[in-house]
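Just below is one structure, and these are the notes that go with it.
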Amino acid sequence: MIVCVCHGVPCSKIRLVVREGAETIDAVGAACRAGTDCGSCREMIEEIIEETAPLASRARARQSLRMAG
Ligand code: FES
């Protein structure tokens, strides 16, 4: 599903950049341009960050533990 119509950015792309560390709307915009034009998609981007970022943070924490051990 396209979230940002202005730049044709799908939900899957936004989840990807969030998992890679973009955990604010501005960081998502810098990573894939979503939300950087009319702004009507920014609320949906925020919801995707809220759904995805905690999982991404946990995955990074697990990876750090594995690297430390
Ligand atoms: S729909 Fe995303 S900036 Fe316009």
Top of A31, A59, A22 by mean-square fluctuation, Gaussian network on the chain, Cα under 10 Å: A59
Per residue convex hull volume, Cα atoms of segment 2-68, in Å³: 67 Å³
Derived scalar couplings ³J(HN,Hα) [segment 41-49; Karplus, 6.51 cos²θ - 1.76 cosθ + 1.60; whole Hz; x for Gly, Pro]: 8, 5, 5, 5, 4, 4, 5, 5, 4
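On a full-extension model of 0.36 nm per residue, what is the gain between D37 and A68, subtracting their alpha-carbon distance, rounded to one decimal in nm? Present the calculation step by step, with values, prior to reporting the outcome.
Working: separation 31, 0.36 × 31 = 11.16 nm, distance 4.15 nm.
In short, 7.0 nm is gained.
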Difference of contour (0.36 nm per residue) and Cα-Cα distance, R60 to I2: 18.2 nm
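Any read-out appearing in this document is the output of simple, stated calculations on the displayed coordinates, not a laboratory observation. Given the structure is predicted, the values throughout are model-derived calculations rather than measurements.
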